[in-house]
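This report concerns only the one structure given below.
The values are calculated or read from the model by the stated rules, or taken from the named source; none is laboratory data. Because the structure is a prediction, the values reported are computed rather than measured. Heads up, the Cβs are rebuilt from the backbone with ideal geometry, glycines too, and the neighbour counts pull from every protein chain shown.
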Amino acid sequence: MKALLLRDLRLAVRAGGGFGLSLVFFLILCTLVPFGVGAEGGQLSRIAPGILWVGALLACLLSLDRIFALDHEDGSLDLLATAPLPLEGAVAIKALAHWLTTGLPLVVFAPLLGVLLHLPTAAYPLLVLSLALGTPALSMLGAFGAAITVGLRRGGLLLSLLVLPLYVPTLIFGAEVVRRGAVGADPTTPLVFLAGITLATLALVPFAAAAALRVNLR
Amino acid sequence: MSLISVRGLAVARGGLRVIEGLDFELGAGQAIVLRGPNGAGKTTLLRCLAGLQPAVTGRIECQSDSIAYAGHADGLKPALTVTENLEFWSAVFGGPDIAPALAAMNLTDLAARPAHALSAGQKRRLGLARLMVTGRPVWLLDEPTVSLDQGSVALFATMLRDHLAQGGAALIATHIDLGLPEAQVLDLAPYRARPGLRQDRPAGFNEAFA
């Protein structure tokens, strides 16, 4: 399992691995918003929590189809499925590798982009906390979508359509945490829901994704 | 004692049976070469034995975790070097030394080269070297000699013979002569599923839930 994680991380940072693309996309998105809605501070700081979360979600979506598609094309997925590694474990590890290369950089750089969007100072710790709690669920749900669409030509768009609705609960509670932080309200309830959604996703989705992969490998 | 034994096996591709009533046994030190025209179900049979797809009916008996499968694709990552590719599979299969595998397929000089810079034949050699690091006794090989030159086919035959001598077994779908006179030939033509004996696709058939 460690070998698979190391291989995926290594592939992500090598040429053509796409590491950093999501982050740059996130950056551009958050830079474009002030151009679109105007640079007036009050308005921006009101929509900042939502924009940051939607941005993180879309950035995460960009690299999802790579989770299994590349392995399927070059045959490694067949070989992984026949390896001693349980497929559920392989799914979890690949989702973890996706989170480490996509979600974690977003968590780290989100405060910087908060500045661009006039996010109130009080909300920064909660922004980082909510993204850190929520993005693992995005990667894991994305792995499920990728498992369902593996082997389909041009499966990327279908993958987005399948996965985005699943992201709704995480988005609602994640943005709500930051919004409450921004207006100084108590964020405990949405934080607990966010953490709960992530934990349930991490516990259940690997099995669903592995089952989808087995069907697709036939 | 046989490493893998198959009784009354039927396999299907795309919901249609391609092979029916297949019986064979593969013991330690034995190799079977699968023959049959295109579409006879050689790949389907190998994928079924590897556990990648379910059998329609019949029994497959083998030890758990005894099968190593090598399909049409080599499962190589172009961005990784030859050593890194092989070390990954070695780690997945419990970490045997990769040096003998590199030497057996004459890849030692290419060890530091990224896989995207290899020729088709060199990639295939790396794919076959992977079999040695799996440490599994039964090899299921689907057209293993595609894009190999004659020298490499001979290397592969040597590797295969060593594997058989160590108590391994191999089931090989191939059209060319591997230079393995001891291998038995299993022609799939007599086991070809006859259409019309049963309803091919039941109403409401859905492959995903078959």
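Here are the numbers for this structure:
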read-out: Of all residues making up segment A:125-162, the number that are out of contact with any Cys (no Cβ under 9 Å at 6 or more places or on another chain), touching a residue at least 40 places away in the same chain (Cβ under 8 Å) and part of a helix (DSSP H, G or I); value: 23
read-out: Positions within segment B:137-156 being over 26 Å from residue B:64 (Cβ atoms), of a type in the set (A, V, I, L, M, F, W, C) and under 14 Å from the mean Cα position of the chain (by Cα), in sequence order; value: B:146, B:156
read-out: Some residue of segment B:120-140 being in contact with a strand residue (DSSP E or B) (Cβ under 7 Å, 6 or more places away or on another chain) and away from every other protein chain (no Cβ under 13 Å); value: yes
read-out: Residues satisfying the stated conditions in segment B:57-71, i.e. at the interface with another protein chain (Cβ under 7 Å from one of its Cβ atoms) and surrounded by fewer than 18 Cβ atoms within 10 Å (Cβ to Cβ); value: B:65
read-out: Residue list for segment B:97-119, filter: within 14 Å of chain A (Cβ to nearest Cβ) and in a helix (DSSP H, G or I); value: B:115, B:116, B:117
read-out: Matching residues, segment B:70-89, being closer than 11 Å to residue B:129 by Cβ and either touching a Cys at 6+ places or on another chain (Cβ under 9 Å) or hydrophobic (A, V, I, L, M, F, W, C) (or both); value: B:70, B:76, B:82, B:86, B:89
read-out: Out of B:41, B:21, sole residue that is surrounded by 17 or more Cβ atoms within 10 Å (Cβ to Cβ) and on the phi > 0 side of the Ramachandran plot; value: B:41
read-out: Any chance residue A:181 is in a helix (DSSP H, G or I) and modelled with pLDDT of 95 or more; value: no
read-out: Those residues of segment A:36-66 which are away from chain B (no Cβ under 14 Å), assigned to a helix (DSSP H, G or I), of a type outside the set (Phe, Trp, Tyr) and buried (at least 20 other Cβ atoms within 10 Å of the Cβ), in sequence order; value: A:48, A:49, A:51, A:52, A:55, A:56, A:57, A:59, A:60, A:61
read-out: Odd one out for residue B:184 among (1) buried (at least 17 other Cβ atoms within 10 Å of the Cβ); (2) modelled with pLDDT under 85; (3) under 19 Å from residue B:3 (Cα atoms); value: (1)
read-out: Qualifying residue in segment B:42-64 (condition: assigned to a strand (DSSP E or B), within 14 Å of residue B:188 (Cβ to Cβ) and either touching a Gly at 6+ places or on another chain (Cβ under 7 Å) or of a type in the set (Val, Ile, Thr) (or both)); value: no
read-out: Residue tally, condition part of a helix (DSSP H, G or I), within 14 Å of another protein chain (Cβ to nearest Cβ) and not charged (D, E, K, R), over segment A:71-122; value: 12
read-out: Considering residues of segment B:79-96 that are in a loop (DSSP other than H, G, I, E, B) and more than 8 Å from chain A (Cβ to nearest Cβ) only, the residue surrounded by the most Cβ atoms within 10 Å (Cβ to Cβ); value: B:96
